[in-house]
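See below for the structure under consideration.
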Amino acid sequence: MKLSEFAKITRSTIVSGPPDLEIIGVGSLETAREGEATFLASLKYAAKAASTQASAIILNEKDVIEREDLAILRAKDPYLAFARGLRAFHPEREAVAFRHASAVIDPTAIVDERTEMHAGVVIGAGCRIAAGVIIHPNTTVYAGSSIGESTVIHSNVSIRGNTEIGRNCILHNNVSIGADGFGFAKDEEKHWLKIPQTGRVVIEDDVEIGANSAVDRPAVGETRLKRGVKIDNLVQIGHACVIDEDALICAQTGLAGSSIVGKRVVLAGQVGVAGHLTIGDDVSVTGQSGVTKSIEPGRFVSGLPAIDNREWRRLSAAYHRLGDMVKTVRELEKRLAELQGPAGSSEADEARPK
Amino acid sequence: MKLSEFAKITRSTIVSGPPDLEIIGVGSLETAREGEATFLASLKYAAKAASTQASAIILNEKDVIEREDLAILRAKDPYLAFARGLRAFHPEREAVAFRHASAVIDPTAIVDERTEMHAGVVIGAGCRIAAGVIIHPNTTVYAGSSIGESTVIHSNVSIRGNTEIGRNCILHNNVSIGADGFGFAKDEEKHWLKIPQTGRVVIEDDVEIGANSAVDRPAVGETRLKRGVKIDNLVQIGHACVIDEDALICAQTGLAGSSIVGKRVVLAGQVGVAGHLTIGDDVSVTGQSGVTKSIEPGRFVSGLPAIDNREWRRLSAAYHRLGDMVKTVRELEKRLAELQGPAGSSEADEARPK
Amino acid sequence: MKLSEFAKITRSTIVSGPPDLEIIGVGSLETAREGEATFLASLKYAAKAASTQASAIILNEKDVIEREDLAILRAKDPYLAFARGLRAFHPEREAVAFRHASAVIDPTAIVDERTEMHAGVVIGAGCRIAAGVIIHPNTTVYAGSSIGESTVIHSNVSIRGNTEIGRNCILHNNVSIGADGFGFAKDEEKHWLKIPQTGRVVIEDDVEIGANSAVDRPAVGETRLKRGVKIDNLVQIGHACVIDEDALICAQTGLAGSSIVGKRVVLAGQVGVAGHLTIGDDVSVTGQSGVTKSIEPGRFVSGLPAIDNREWRRLSAAYHRLGDMVKTVRELEKRLAELQGPAGSSEADEARPK
C-alpha cells in the first residue's frame, strides 16, 4: 500500500515523505519494522518515537518529533488512525461454507449454507443461524436461539435457549450467555427456593464479549446488551440488566440484577454495581469502584461508595495525610491543655486566681 | 389455573377477586400481562403497581394499593409466593432416556438408563451417574466421579476426577469443579514447587453453582459444599474450604484456601475471604468487603478489613467529612496560635505580661 | 517407603524414630493416618500436632512438640519437605500414546505419537504437539499453535491461534489463551472501532494457569508469561503484559494491558493492576489492592492506590480511630471556644477586660 493510500484509509494527511512510499504493515513504536507505519498517541512516549524502526508515523495535530528519516502524517486522533491502518492490513476473515462431520445440528435448526460450523459444535432445535456466521469448535447453542449475520462465536462458548444475538458480534472463548440469574427466595425453613429464570438474553448488533464472561437470563423479561456494547473478560452481567449502546465494560466488573447502564458509559476494571440502579449516559467509573446509588448522566465517579471523582481524590489525599492529622490533633490537645493549665478544663481555669 | 388454586400453591389468601379467575402465568409488575399474576415486594414499587397490566397481585400483610380492577392476594412474603407461582408454571423438566451417538462414555462407567447424555459429553472410567441426571453438550466428567439423582450439568462444564456431586444440583455453563488448588512451596532456588492436589471435591444435595465458577480440590482431604449452598457466577472457592448449608455466595466473590463458611452465611458480590478463617453461621458480608479475620456468628460486616457494618458506616460517614475535618483542624490550629500569641507556645504565652 | 528414604527425599533429618519405619503416605495434621507422615509449619497448629494420627512428623529446626509416639524429622522448611513427600507418593502421570476416535486433528498438524488426545479434542492446522503432552476432552487448539513436551492441558480449554506454550506447563479447565485484547478506538460518531489483535501469546516452561483464567493477545507484539509463572483461577492477564519468572498471581486478580510484572512478584487475590506499569522484582501486593503506579523492586504494598504496606497499616489504624478523632476535634473546638469566651474569637478575647 502506498503512503498516499495509507493516509486516505487512516484519514490522516501527509506532512512529509514520498506519497508512493510502500507501507507494508502497522506496528507499535517498539514493534514496527522498516516499511511499517506506527503512531504516537502522546509525547509521553517521545523517547520511543525517537528510536522506532518504523518508516512512517502518525502524529496528532500539534506534536513535533525530531525525526527526518520518517514519513510524517497527522490525524486528529492518531490512535484511531492506527486502528484504521491495522484494520486495513488485517481485514476480518469471511466465513466459508463449512460444516464439520462432528458438528451436531438439530434437523429443525435453520442454518445458512454460508456458515462455518466447526468440529464439536452443537446447535439445538429450532435455532436460526444467518449467513456469514462462524462458530468455532466445541461451542454449544441451546434450542431456540438465533445468531445474526457475520457474527463470530469462538470455541467452548455456551449459549442457552431462546437467546437472540445480532449481527457482527464477537463472543470470545468460554463465554456463558443466558445461564440462570441468581434468584432465590428464602422459605419458611430458611432454605433457598429457586426462582425459575424464564426470561431470555438479547444481544444486539456489533457487541463484543470477552473470554469467560457471563450474561444471565432473568426470571421474567429480558437481559439486553444494545448495539455496540463492548465487554471485556470475566465480566458478570446479572439478570434483567440493560446495557445501552456503546457502553464499555472492562475486565472483572460485575453488575447485580436489574441495573440500567446508559449509552457510552465506561466501567473500568473490577467495578461492582449493585442491583436496581440507573447509570446515566456518558458516566465513567474508575477501577475497583462500588456503585451503590444511581448516577446522573455525564458524571465521573470513583470509590466505594462511588462519589464524584474530584471529591474522591480530595478525600483520598486527606486520607493519605491522616497520620499527620492524628499528630496535629494530639499536638493541639497538648497545647490546649497547657493553655488551660493543670486542672485541664476551662471552668477550672476561670476559677484559678490570676 | 384458577385463582383459588394459585392462592393455594403460593400459600396466599384471596382478599378480593373471583376464586375462579383464570391465572395463565406469572410476571413482574412491568412484564405481567392480562391474565397473569404479579407481586409487590415493597411500596417502593407502588408506582409500577399502579400501572401493571396483571390481573392479580400478591401483597404482603400490610401494604395497600389503589387498584380495584385487580384480584388481590396476601402472603407473608410476596416474593416467596411469587417464586412458588413461577415454579408452578415452569416446573423443572424431567430427564428422558437419551444418549447422543457422539457422547463418549467409558465402558466402566455406570450410567442409569433414565439420563440424558448430550452430544460431545465425555464420561470417564468408573463414574456413576444416577437416574434423572441431564448432562448438556460438551461437558467433561473425569474418571471416578459420581453424580446424584436429577442433577443437571450444563454445557462445557468440567468435573475433575473423584468428584462427588449430590442430588438435585444445578451446575451452570463453563463451571470447573475439582481443578488443582493453588499450592506451591518455594524451593531453595526460589522456584515454586507444585504441591500435588490429591484431595477431592464433594458437593452435597440441592447445590447450585453459577456460570464460570471454580471449586478447587485440596492437597489432601476435601473441599465441601454442603446441602443447599447457592453460588453465583465467576466465584472462586479455594482448596479445602467447607461451605455450610444454605450459604449464599454472590458473583465474583473469592475464598482462599481452608476457610469455613457457616450456615446461611451471605457473601455479597466481589467479596474476598482470606485463608484459614471461620465465618460463623448467619453472618452477612456486604459487597467488595475483604474478610481478614474469623467472624462470630450472626454478625453483619463490611469493609477491608471487614468490621461491624454499623461501625463501618460510621467510619465511612466520617471519611466523607474528612475534607471538612481537615479545615476544622487548620482553623483550630490558627485560633490556638492566635490565643498563644506571636511566640506560638504556651510557655512563651505565660511569660508575657498581662 | 522406609523412614530413612522418606527423610532423604524430603531433605530432612531423622531426630527420633526407627529408620526402617514404613511410611505409606503423607497427609495434613488432621487427615494423616497411621503409617503416614505429616508436617508442622508453625507452632500455631501445635494443638493439632498433639492429636495427629500420623506416624511421623516433620518439624522446622526449632519447634518442639510433646509427642514421643511419633518419628520426628527436622527440615529447614517443613512445608517444602511436605511438598517433596507428597510428590514422591503422587508422581505426575506420564502420557501414553492415545488418540480418541472423536479427536479432530488437522492433517497438517504435527502431533507426536506419545501424546494423549482425548475425546472431542480439536487441533487446528499447522499445530505442533510435542511428546508427553496430554490434552483432555473437549479442548480446542486453533491453528498455528505449539505445545511443548509433557505439558498437560485440561478439558474445555481454548487456545487461540499462533500461541506458543512451553514444556511442563499445566493449563486447568476452561482457560482461555489468546483471545483478543480489549482494544477499541472511539470514532467520530462515538462508536467503538475494534483494533485487530494481531499479536500472540507466549507461555514459557513450567507455567501453571488456573481454571477459567484468561490471557489475552495484543494488537501487535506479544503477551508473555515467563518460566515458572503460576496463575490461579479466574485471573485476567491483559494484552501485551509480560509476567517475569516465578511470579505468582492469585485468584481473581486482573492486569490491564501492557504492564510488566517482575520476577518472583506475588500478587494476592483480587488485586487490580492498571495499564502500562512496571512492578519490580520481588514486589508483594496484598489482596484487593489497586496498583496505579509503577513499583520499585522489593516493595511490599497495599491499598487503593497501593502504597507501602507499613504506611497503609498506619493509615488504616488511623482510619479505624476516625470516629474517636471526630469526637476529639469537636471537644477541642468546644474547649477552645470556652477559652476564647462568648465572643468566640481571640481578638474579642483580647478586647475583654481582665
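The values are calculated or read from the model by the stated rules, or taken from the named source; none is laboratory data. From a predicted model like this one, the values you see are computed outputs, not experimental measurements. Cβ: placed from backbone, ideal geometry, glycine included. Neighbour counts: every protein chain shown. Only protein heavy atoms, including side chains, enter the accessible area calculation; ligands, DNA and RNA are left aside. Shrake-Rupley method; radii C 1.70, N 1.55, O 1.52, S 1.80 Å.
Can you pick out the pairs among A:K186/B:K2; A:K334/C:K327; A:K263/B:K48 whose Cα atoms lie more than 20 Å from each other? Those over the limit are A:K186/B:K2; A:K263/B:K48. Annotation: amide H-H contacts under 5 Å for A:V111 (H modelled 1.01 Å from N, sequence separation of 5 or more, or interchain): A:I129. Rg/Rh, computed from the Cα trace of region A:83-195 with Rh as the Kirkwood radius, has the value 1.13. Here the peptides B:268-276, C:14-22 are ranked by packing, the mean other Cβ count within 10 Å, and the order with the highest first is B:268-276, C:14-22. Note on chain B: Kirkwood radius taken over Cα pairs, Stokes-Einstein applied at 25 °C and 0.890 mPa s, translational D equal to 100 µm² s⁻¹. Legend: mean number of C-beta atoms from other chains within 10 angstrom of residue C-beta atoms, peptide B:185-193, equals 6. Here the Karplus curve 6.51 cos²θ - 1.76 cosθ + 1.60, taken at θ = phi - 60°, turns the phi angles of region A:286-292 into couplings of 7, x, 6, 6, x, 8, 10 Hz, with x standing for Gly and Pro. Just checking the listed ones, B:V266, B:V326, B:V201: in the Gaussian network model of chain B with Cα springs under 10 Å, the one fluctuating most is B:V326.
The alpha-carbon of B:K44 sits under 19 angstrom from the alpha-carbons of these lysines, leaving out residues fewer than 8 places away in its chain: A:K293, B:K62, B:K76. Membrane-span-like helices in chain C, defined purely by DSSP H runs whose alpha carbon atoms cover 24 Å or more axially and whose average Kyte-Doolittle hydropathy reaches 0.0, do not occur. Taking only the alpha carbons of region A:217-280, we obtain Rg and Dmax values of 10.3, 29 Å in that order.
Distance between the pseudo-spin-label points of A:F98 and A:E22 (7 Å out from Cα toward the beta carbon): 3.0 nm. Think of it as helices only: each DSSP H run of n ≥ 4 in chain C is worth -39500 (n - 2.57), and spread over all residues that comes to -5000 deg cm²/dmol at 222 nm.
Copy-to-copy label distances for A:P19, where each label lies 7 Å from Cα along Cα-to-Cβ, are 9.0, 9.0 nm in order of increasing length.
The peptide list C:87-98, C:123-134, put in order of mean Cβ contacts within 10 Å with the highest first, becomes C:123-134, C:87-98. Put simply, the amide H of B:V15, placed in the peptide plane, has neighbours under 5 Å in B:I72, B:L73, B:R74, leaving out anything fewer than 5 places away on its chain. Taking A:D206, A:D232, A:D308 as the candidate residues, the one with maximal mean-square fluctuation in a Gaussian network model of chain A, Cα springs under 10 Å, is A:D308.
Between identical copies, the spacing of B:E30 label points, each set 7 Å from Cα toward the C-beta atom, reads 4.5, 4.6 nm from nearest to farthest. If a paramagnetic tag sat 7 Å from the Cα of B:A131 along the Cα-Cβ line, which residues of region B:73-105 would have the backbone N under 13 Å from that point? It comes to B:95-97, nothing else. Highest mobility in the GNM of chain C, judged by mean-square fluctuation with C-alpha springs under 10 Å and restricted to C:L86, C:L225, C:L267, is found for C:L86. Counting only DSSP beta bridges with both residues in chain C, the antiparallel share comes to about 10 percent.
Evaluated on the protein assembly as shown, the Kirkwood hydrodynamic radius is 31.5 Å, with distances taken between all distinct Cα atoms. Put simply, when C:65-74, C:110-119, A:73-82 are sorted by average Cβ atoms within 10 angstrom per residue, most first, you get A:73-82, C:110-119, C:65-74.
The mean number of partner chain beta-carbon atoms within 10 angstrom of a residue's beta-carbon across peptide A:231-243 is 5. DSSP bridge analysis restricted to region B:158-212 gives an antiparallel fraction near 35%, rounded to the nearest 5. Near C:I243, the amide H atoms lying under 5 Å from its own belong to C:R224, C:L225, C:K226, C:V261; only residues 5 or more places off or on other chains count, and H is placed 1.01 Å from N. Distance between the 7 Å Cα→Cβ label points at C:I110 and C:S294: 4.0 nm. Taking the label point 7 Å along Cα→Cβ, C:E296 and its counterparts in the other copies are spaced 4.3, 4.3 nm apart, in ascending order. Per residue of B:219-228, other chain Cβ atoms within 10 Å of the residue Cβ number 3 on average.
Relative contact order of chain C, taken over Cα pairs closer than 8 Å and 6 or more residues apart, is 6 percent.
Note on B:R321 and B:T278: with the Förster distance fixed at 22 Å, the Cβ-Cβ geometry gives a FRET efficiency of about 0.05.
With all protein chains kept in place, the per residue accessible area of region C:218-263 amounts to 20 square angstrom at a probe of 1.4 angstrom. Computed from the C-alpha gyration tensor, the three semi-axes of the ellipsoid equivalent to region C:63-140 are 45, 12, 10 Å, from longest to shortest.
Of all beta bridges that DSSP places with both ends in region C:10-153, some 10 percent have antiparallel geometry.
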